[in-house]
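None of the figures in this text is laboratory data; all of them are computed from the coordinates on show. Since the structure is predicted, the reported quantities are computational estimates derived from the model, not experimental observations. So basically every Cβ, Gly included, is an ideal-geometry build from the backbone, and we count neighbours across all protein chains shown.
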Amino acid sequence: MKKCLLQVSDLFPNSIKRKRKFQVKIGVGREIMSEDEKFLLRTLSLIDLNIGKCRYKLANLAEDLCITERQLFRKIKAYTNTTPNNLIKEVKLQYALQLLRQRSYLTIKEVTTQIGYKNSGHFTKTFQEKFGKHPREFLNNL
């Protein structure tokens with residue numbers, strides 16, 4: 001989970017500045033997280049927990065967070081400067097990249113299933129747009 005969070009935070013450098021702004025330091029090295037940061041961590045945890053479910057949508061995420069979809073959109077947009085759908089997609093693509101680099105699975109279809117995509121063609125296209133390489137290149141070159 002921490003690896004995934006670090007990679008997601010790398011995608012949204014502005015969120016790190018906001019995160020630091022909301023943190024309050026107490027004593028030596030103890031930090032208290034703001035409500036916004038707790039919300040973002042809980043959101044990322046839920047996305048991570050349900051990453052393999054292709055039917056896990058924004059409505060499910062909002063329900064799990066006990067807020068409306070509109071509130072979810074506003075909070076995610078304010079904190080990460082992206083939409084909840086893009087956040088979910090980024091988390092899934094980063095996880096797919098990790099699986100491909102670790103050679104955890106032998107085929108693209110297996111990776112596609114693990115990250116909750118129904119269509120491996122759609123996954124391949126999205127992955128290639130994001131990373132500039134076909135997922136097969138990661139399987140073959142590593």
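A Förster distance of 30 Å, applied to the separation of the beta-carbon atoms of LEU46 and ARG101, puts the FRET efficiency at 0.80. Which entries of LYS75/LYS125; LYS38/LYS89; LYS38/LYS109 have Cα-Cα distances beyond 24 Å here? From LYS75/LYS125; LYS38/LYS89; LYS38/LYS109, over 24 Å: LYS75/LYS125; LYS38/LYS109. Applying 1/(1 + (r/R0)^6) with r as the Cβ-Cβ distance of LYS57 and LYS77 and R0 = 25 angstrom yields a FRET efficiency of 0.90.
For the listed peptides 55-68, 116-129, 86-99, a ranking on the average number of other beta carbons within 10 Å per residue, highest first, reads 86-99, 116-129, 55-68.
Taking only the alpha carbons of the stretch 50-142, we obtain Rg and Dmax values of 14.4, 44 Å in that order. What the phi angles of the stretch 44-61 give under the Karplus curve with 6.51, -1.76 and 1.60, with θ = phi - 60°, is a coupling list of 5, 5, 5, 4, 4, 5, 10, 4, x, 8, 6, 8, 7, 10, 4, 4, 5, 5 Hz, glycine and proline written as x.
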